Amino acid sequence: MGFTLSNQQQLLSKMATGNGHGENSPYFDGWKAYDSDPFHVTKNPNGVIQMGLAENEMCFDLIQEWVLNNPEASICTAAGVNEFKDIAIFQDYHGLPEFRNAVANFMGRVRGNRVTFDADRIVMSGGATGAHETIAFCLADPGDAFLVPVPYYPGFDRDLGWRTGVQLIPVACDSSNNFKVTRAALEAAYEKAQKANIRVKGLLITNPSNPLGTVLDRDTLRSLVTFINEKKIHLVCDEIYAATVFSQPSFISIAEIIEEDIECNRNLIHIVYSLSKDMGFPGFRVGIVYSYNDDVVNCARKMSSFGLVSTQTQHLIASMLSDNELVERFIAQSAKRLKARHMRFTMELAQVGTSCLKSNGGLFVWMDLRRLLKEQTFEAEMVLWHTIIHEVKLNVSPGSSFHCPEPGWFRVCFANMDDKTMEIALSRIRNFVAQYKEPIAPRKNNRYWQSNLRLSFQSRRMDDIMMSPCMMSPHSPIPQSPLVRAT
Amino acid sequence: MRMLSRNATFNSHGQDSSYFLGWQEYEKNPYHEVHNTNGIIQMGLAENQLCFDLLESWLAKNPEAAAFKKNGESIFAELALFQDYHGLPAFKKAMVDFMAEIRGNKVTFDPNHLVLTAGATSANETFIFCLADPGEAVLIPTPYYPGFDRDLKWRTGVEIVPIHCTNSNGFQITETALEEAYQEAEKCNLRVKGVLVTNPSNPLGTTMTRNELYLLLSFVEDKGIHLISDEIYSGTAFSSPSFISVMEVLKDRNCDENSEVWQRVHVVYSLSKDLGLPGFRVGAIYSNDDMVVAAATKMSSFGLVSSQTQHLLSAMLSDKKLTKNYIAENHKRLKQRQKNLVSGLQKAGISCLNGNAGLFCWVDMRHLLRSNTFEAEMELWKKIVYEVHLNISPGSSCHCTEPGWFRVCFANLPERTLDLAMQRLKAFVGEYYNVPEVNGRSQSSHLSHSRGQSLTKWVSRLSFDDRCPIHGR
């Protein structure tokens, strides 16, 4: 009953009834298509291949072998059961010391031991998702803002803004200079905020970048540090893809930059990390807040009560990441396999005249399909996207979901599938591109267009992009997991 | 410009309260039966360490689940990748079955209405984010778990308005108290969105009566607000009267999905107390309201349960032989342990509220206060921490309206340590107060100091006329 419904709605918070979670988005289409028709190499070879999920499945064999050979790391096996009680009781939000040490050790090694990390600054969170929200809660009040260069991971809108009341202000980047962040763009975004009376508390960067797959060079990093010091705002560096860099130029962490720069106010520097991408463990919810600001460490640690890492998992990770032989082997193999995958992908695409942004990290490529757009508009991008989903049967992510200012770019993930599936995906792309030498026009009576999904995308301005619902989170349903089917 | 947020700058996280300070003192000087026999004995931590042997022996016989295996095959990769915020279906099924079993199968729960969260800490905060806007309020009966100040208020901006419960009726919730709290909120211009109760109660160690539950339901129905029942201690109700869940009362009153109040009654659960697994961060939200479930599910992204843990516990809780045995043994051992504490306290001339649940007793030390004030309570507490070397929780940290009550935990330490604690307490009381054992008869005596401390004469306030009916429940 209508009256009852709105009555009920009033009884809930604005947060619960609003759209700040970003999941009521037209981009759900891609997921729906995949969910209803998921590819399987034997059971459903014509299904939709999932290329919208930035997951790393490249090195599970190494980890699985290690787990088999190190049963006590799983505490609850016969070999480790006598540790069970101590682990199960331990709820100190400082975390197991061996866990923090192992993570600090791993983070250092991923950066070629060019920097070391202080285990006492390692603070747990519920994945990087929890880490970002915690950082926002620590640094900003409702109504404050963070500057974020576009294109950026769609989950940021929810992670930094949903329950915190913080807003994100895009910093313009485009293909004219390979989407590099320029001082001018930063200043422009900052000024825009000032004029609108919005208080900017920080700048958020993802390095290596999602969705670009590129790393920031030393000069850019230095200029960012200069900028935030001048404006006295925070710098939050999401380094979640740090270990996915597979070729030159090498990854430079913000930790390295501030070692070199004695002028930088370290109280402004914070790193978000996680094992979800580098190790491929999103299910284990290992998020890390690493801050050079003692007050932030203390506050974030108290907030970590809302998203501590299960001690069962802390124990496993502590054992795993203290095994230096495994760590070194993993880092090397992961880079090697990602490089091979990336090379195969980009070379195949290049052969059919499709280019990707030159990249050397991440679990995806930033594919340039602008020439296939009937017109350089986001409406045309959506048309192309629907064609890719429903006809080519690939779930890829359209650039607009990442707040990209230019239509025609797509993020295509390649590390979440085996070689066979990848070859099939590539052949589909090859065939598609060969077929469509001309830009894709919207089809009349296209059965995939439903009126409630139609969007009006007349010349979108930056503000429109900023306000548009973002793509749903990676935590959204993936009912095809065998763990779901198995029950 | 303030560099950090208000959340970070001011101490609304509540961790400067004595509840946490006691912990800190313990950390500095923890008791150890070999290495530090004079250290502080921790009795301020509501943990359940009584039944680990049952879980350990199960694990030894069932190593697969912990070893990332299922039916002999490694499922490491699938688990490592599983981040679906709907949770592992097998685990949610096992959880709702366990919750039903704890309630004697008088109610059943739908796994689709269960949302997994990183501990009850996260569940409670998430509920508030879903049900209230900043500046609104929830009513909570006092005394209550100190952590609520952080969990419910800190980042949500929501206020807690206390429902004052007193010793005069064993701290039960009354209609008057509910109304007064509601009006107090209105006076402060706070819109009340719901009532949050803990049943069984922390810190009282008692289960709610059917009458109280009926009262609460009528109240929230009448006011058109929510009722959240934190049932985290539901598996620790070790003696009669038996635990009655709010869900059971809904059923009693024929409130089904067609009634308005049905959608406004919610439950919080966790495995931290019943199973003694606080480290594993397993909490849950249960709601009959689809919108709440949907919103809470999305919010759980900020604190999901590790898939590794979901898998292990799904195997464990699906073993009905284990759960049946565990629930029964847990009750038995808790009952015995509580009896030991009560008798130890009696030997020290101290009585407590008649409890039938939880991992602690609500202890009456009013007769040991210099005056009927919270200052006196703090003085006594400090003596107990720094001189007697026991960490217990003062009632003021639980927002109790009457000074002199303390929460003393009994399930987080070996029996011999509990005995030692009681001996220390008895010695302390004997030395400072010269009070004979409680034997049910009214007594009075003079109290005096010794040991070169202040020479203030302590006068007994043993007036039993207005004392609560200790054995009333």
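Out of (1) surrounded by fewer than 20 Cβ atoms within 10 Å (Cβ to Cβ); (2) under 31 Å from the mean Cα position of the chain (by Cα); (3) within 11 Å of chain B (Cβ to nearest Cβ), the odd one out for A:Glu98 is which?
Evaluating A:Glu98 over (1) surrounded by fewer than 20 Cβ atoms within 10 Å (Cβ to Cβ); (2) under 31 Å from the mean Cα position of the chain (by Cα); (3) within 11 Å of chain B (Cβ to nearest Cβ) leaves (3) as the failure.
Based on this model, can you work out whether A:Ser13 counts as among the hydroxyl-bearing types (Ser, Thr, Tyr), touching a Phe, Trp or Tyr at 6+ places or on another chain (Cβ under 7 Å) and within 14 Å of chain B (Cβ to nearest Cβ)?
Judged against the criteria, A:Ser13 is a match.
Is it the case that some residue within the stretch A:308-328 is surrounded by 24 or more Cβ atoms within 10 Å (Cβ to Cβ), within 19 Å of the chain's Cα centre (by Cα) and within 29 Å of B:Gln83 (Cα to Cα)?
Looking for residues that are surrounded by 24 or more Cβ atoms within 10 Å (Cβ to Cβ), within 19 Å of the chain's Cα centre (by Cα) and within 29 Å of B:Gln83 (Cα to Cα), one finds none in the stretch A:308-328, hence no.
With respect to B:Glu437, is the statement that it is over 18 Å from B:Phe171 (Cβ atoms), surrounded by fewer than 20 Cβ atoms within 10 Å (Cβ to Cβ) and at pLDDT below 95 true? Please lay out each step first, then the result.
Details: over 18 Å from B:Phe171 (Cβ atoms): yes; surrounded by fewer than 20 Cβ atoms within 10 Å (Cβ to Cβ): yes; at pLDDT below 95: yes.
Answer is yes for this residue.
Of the numbered conditions (1) over 26 Å from A:Glu263 (Cα atoms); (2) β-branched (Val, Ile, Thr); (3) part of a helix (DSSP H, G or I), A:Thr220 satisfies every one except a single condition; which is it?
That leaves (1) as the condition not met.
Pull up the stretch A:46-73, narrow it to residues that are assigned to a helix (DSSP H, G or I) and of a type in the set (A, V, I, L, M, F, W, C), then point me to the one that is nearest to the chain's Cα centre (by Cα). Don't jump to the end; show me each part of the working.
Within the stretch A:46-73, the first condition is being assigned to a helix (DSSP H, G or I), and the residues that meet it are A:60-69, A:71-73.
Filter once more, keeping what is of a type in the set (A, V, I, L, M, F, W, C): A:60, A:62-63, A:66-68, A:73.
Working: A:Phe60: 20, A:Leu62: 24, A:Ile63: 22, A:Trp66: 27, A:Val67: 27, A:Leu68: 30, A:Ala73: 28 Å.
Selected residue: A:Phe60.
Restricting to the stretch B:83-97, and then to whatever is more than 7 Å from chain A (Cβ to nearest Cβ) and surrounded by 24 or more Cβ atoms within 10 Å (Cβ to Cβ), can you tell me which residue is nearest to A:Val286 (Cα to Cα)?
B:Gly87
Working carefully through the options B:Thr142, B:Thr108, B:Thr121, find the one that is hydroxyl-bearing (Ser, Thr, Tyr) and over 18 Å from the mean Cα position of the chain (by Cα). Outline the logic, then answer.
Numbers: B:Thr142 fails: over 18 Å from the mean Cα position of the chain (by Cα); B:Thr121 fails: over 18 Å from the mean Cα position of the chain (by Cα).
Matching residue, one of B:Thr142, B:Thr108, B:Thr121: B:Thr108.
Here are the criteria: (1) buried (at least 23 other Cβ atoms within 10 Å of the Cβ); (2) over 15 Å from B:Cys398 (Cα atoms). Tell me which single one B:Tyr145 does not satisfy.
(2)
Could you figure out which of (1) among the basic types (Lys, Arg); (2) touching a residue at least 12 places away in the same chain (Cβ under 8 Å); (3) out of contact with any strand residue (DSSP E or B) (no Cβ under 6 Å at 6 or more places or on another chain) isn't true of A:Lys85?
(2)
Going through the stretch B:296-326 one residue at a time, which ones are among the small types (Gly, Ala, Ser) and either more than 10 Å from chain A (Cβ to nearest Cβ) or part of a helix (DSSP H, G or I) (or both)? Before you say what the answer is, go through the steps one by one.
Pass one, the stretch B:296-326, residues among the small types (Gly, Ala, Ser): B:296, B:300-301, B:303, B:306-307, B:314-315, B:318.
Selection gives B:Ala296, B:Ser300, B:Ser301, B:Ser307, B:Ser314, B:Ala315, B:Ser318.
Every residue, every condition in (1) more than 25 Å from B:Pro200 (Cα to Cα); (2) modelled with pLDDT of 95 or more; (3) surrounded by 23 or more Cβ atoms within 10 Å (Cβ to Cβ), yes or no:
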{"site": "B:Met299", "(1), (2), (3)": "yes, yes, yes"}
{"site": "B:Asn325", "(1), (2), (3)": "no, yes, no"}
{"site": "B:His331", "(1), (2), (3)": "no, yes, no"}
{"site": "B:Arg337", "(1), (2), (3)": "no, yes, no"}
{"site": "B:Ser351", "(1), (2), (3)": "no, yes, no"}
{"site": "B:Phe360", "(1), (2), (3)": "no, yes, yes"}
{"site": "B:Leu368", "(1), (2), (3)": "yes, yes, yes"}
{"site": "B:Ile384", "(1), (2), (3)": "yes, yes, yes"}
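Just give me the residues in the stretch A:225-244 being more than 20 Å from the chain's Cα centre (by Cα) and under 17 Å from A:Val115 (Cβ atoms), in sequence order.
Answer for the stretch A:225-244, where residues must be more than 20 Å from the chain's Cα centre (by Cα) and under 17 Å from A:Val115 (Cβ atoms): just A:Val225.
Just checking, does the stretch A:245-254 include any residue being outside any helix (DSSP H, G or I), buried (at least 24 other Cβ atoms within 10 Å of the Cβ), within 23 Å of the chain's Cα centre (by Cα) and among the hydrophobic types (A, V, I, L, M, F, W, C)?
Let us first name the residues in the stretch A:245-254 that are outside any helix (DSSP H, G or I), namely A:245-253.
With buried (at least 24 other Cβ atoms within 10 Å of the Cβ) added as a condition, the list becomes A:245, A:253.
Next, only the ones that are within 23 Å of the chain's Cα centre (by Cα) stay: A:245, A:253.
If we keep only those that are among the hydrophobic types (A, V, I, L, M, F, W, C) too, we end up with A:245.
Within the stretch A:245-254 (the criterion being outside any helix (DSSP H, G or I), buried (at least 24 other Cβ atoms within 10 Å of the Cβ), within 23 Å of the chain's Cα centre (by Cα) and among the hydrophobic types (A, V, I, L, M, F, W, C)), the answer is yes, since at least one residue qualifies.
Here's a check for you: in the stretch A:110-164, which residue that is more than 9 Å from chain B (Cβ to nearest Cβ) and acidic (Asp, Glu) is surrounded by the fewest Cβ atoms within 10 Å (Cβ to Cβ)?
For the stretch A:110-164, the residue satisfying everything is A:Asp118.
Being under 26 Å from B:Gln423 (Cα atoms) and without any contact (Cβ under 8 Å) to a residue 12 or more places away in the chain is the filter; apply it to the stretch B:29-69 and report the residue that is surrounded by the fewest Cβ atoms within 10 Å (Cβ to Cβ). Walk me through how you get there before you give the answer.
Step one: filter the stretch B:29-69 for residues under 26 Å from B:Gln423 (Cα atoms), giving B:29-51.
From what is left, the residues that are without any contact (Cβ under 8 Å) to a residue 12 or more places away in the chain are B:32, B:34-37.
On the way: B:His32: 10, B:Val34: 5, B:His35: 8, B:Asn36: 12, B:Thr37: 9.
Looking at the filtered set, the residue picked out is B:Val34.
Please state which of the following conditions A:Gly353 fails to meet, knowing it meets all the rest: (1) modelled with pLDDT of 95 or more; (2) at positive phi.
For A:Gly353, the exception is condition (1).
I'd like to check something: does the stretch B:189-198 contain any residue that is within 14 Å of chain A (Cβ to nearest Cβ), under 18 Å from the mean Cα position of the chain (by Cα), at pLDDT 95 or above and surrounded by 15 or more Cβ atoms within 10 Å (Cβ to Cβ)?
Taking the stretch B:189-198 and keeping what is within 14 Å of chain A (Cβ to nearest Cβ), we get B:191-195.
Filter once more, so that each one left must be under 18 Å from the mean Cα position of the chain (by Cα): B:195.
Now drop any that are not at pLDDT 95 or above, which leaves B:195.
If we keep only those that are surrounded by 15 or more Cβ atoms within 10 Å (Cβ to Cβ) as well, we get B:195.
Yes, that holds for at least one residue.
Going by the conditions given, is A:Ile205 of a type in the set (A, V, I, L, M, F, W, C), crowded, with 16+ Cβ neighbours inside 10 Å and part of a strand (DSSP E or B)?
yes
On the given criteria, is B:Val107 of a type in the set (Val, Ile, Thr), more than 14 Å from B:Ser307 (Cβ to Cβ) and touching a strand residue (DSSP E or B) at 6+ places or on another chain (Cβ under 9 Å)?
Numbers: of a type in the set (Val, Ile, Thr): yes; more than 14 Å from B:Ser307 (Cβ to Cβ): yes; touching a strand residue (DSSP E or B) at 6+ places or on another chain (Cβ under 9 Å): no.
For B:Val107, the condition - of a type in the set (Val, Ile, Thr), more than 14 Å from B:Ser307 (Cβ to Cβ) and touching a strand residue (DSSP E or B) at 6+ places or on another chain (Cβ under 9 Å) - is not met.
Could you check the stretch B:98-126 and list, in sequence order, the residues that are aliphatic (A, V, I, L, M), crowded, with 24+ Cβ neighbours inside 10 Å and over 27 Å from A:Glu57 (Cβ atoms)? Break it down stepwise before answering.
Taking the stretch B:98-126 first, the residues aliphatic (A, V, I, L, M) are B:99-100, B:102, B:107, B:114-116, B:118, B:120, B:123.
In the following step, the residues that additionally are crowded, with 24+ Cβ neighbours inside 10 Å were identified as B:99, B:114-116, B:118, B:120, B:123.
Within the stretch B:98-126, B:Met99, B:Leu114, B:Val115, B:Ala120, B:Ala123 meet the criteria.
Do we have A:Leu373 as more than 22 Å from A:Gln50 (Cα to Cα), surrounded by 18 or more Cβ atoms within 10 Å (Cβ to Cβ) and not assigned by the TED database to the domain that holds A:Ser253 here? Steps first, answer last, please.
Details: more than 22 Å from A:Gln50 (Cα to Cα): yes; surrounded by 18 or more Cβ atoms within 10 Å (Cβ to Cβ): yes; not assigned by the TED database to the domain that holds A:Ser253: yes.
So A:Leu373 passes the test.
Taking B:Glu56 as the residue in question, decide whether it is touching a strand residue (DSSP E or B) at 6+ places or on another chain (Cβ under 8 Å), within 25 Å of A:Asp86 (Cα to Cα), among the charged types (D, E, K, R) and at the interface with chain A (Cβ under 9 Å from one of its Cβ atoms).
No, not satisfied.
I'd like to check which strands (runs of 3 or more DSSP E) are fully inside the stretch B:110-206 and have at least 2 residues that are outside the structural domain of B:Ser239 (by the TED database). If you could, list the steps in order and put the result at the bottom.
On the way: elements: B:114-117, B:137-141, B:159-163, B:192-198.
Answer list for the stretch B:110-206: none.
With the requirement that a residue be small (Gly, Ala, Ser) and either assigned by the TED database to the domain that holds A:Asn210 or farther than 16 Å from A:Gly213 by Cα (or both), what does the stretch A:384-400 give you?
Keep residues of the stretch A:384-400 that are small (Gly, Ala, Ser), which gives A:397, A:399-400.
Passing the criteria: only A:Ser400.
How many residues does the stretch A:338-358 contain that are out of contact with any helix residue (DSSP H, G or I) (no Cβ under 9 Å at 6 or more places or on another chain) and surrounded by fewer than 19 Cβ atoms within 10 Å (Cβ to Cβ)? Working first, answer last.
Filtering the stretch A:338-358 for residues out of contact with any helix residue (DSSP H, G or I) (no Cβ under 9 Å at 6 or more places or on another chain) gives A:339-340, A:342-343, A:346-347, A:350.
Within this subset, residues satisfying the condition of being surrounded by fewer than 19 Cβ atoms within 10 Å (Cβ to Cβ) are A:339-340, A:343, A:347, A:350.
Count: 5.
Residues that are out of contact with any Cys (no Cβ under 9 Å at 6 or more places or on another chain) and within 20 Å of B:Glu125 (Cβ to Cβ): list the strands (runs of 3 or more DSSP E) wholly contained in the stretch A:77-184 that include at least 2 such residues. Even if it seems obvious, please write down each step before you answer.
On the way: elements: A:122-126, A:145-149, A:167-171.
The strands (runs of 3 or more DSSP E) meeting that bar are A:122-126.
Could you check the stretch B:160-190 and list, in sequence order, the residues that are over 23 Å from B:Leu131 (Cβ atoms) and polar (S, T, N, Q)?
Scanning the stretch B:160-190 gives B:Thr166, B:Asn167, B:Ser168, B:Asn169, B:Gln172, B:Thr174, B:Thr176.
The values are calculated or read from the model by the stated rules, or taken from the named source; none is laboratory data. Keep in mind the model is a prediction, meaning the values are calculated, not measured. Reconstructed Cβ throughout: ideal geometry from the backbone, glycine too, with neighbour counts over all protein chains shown.
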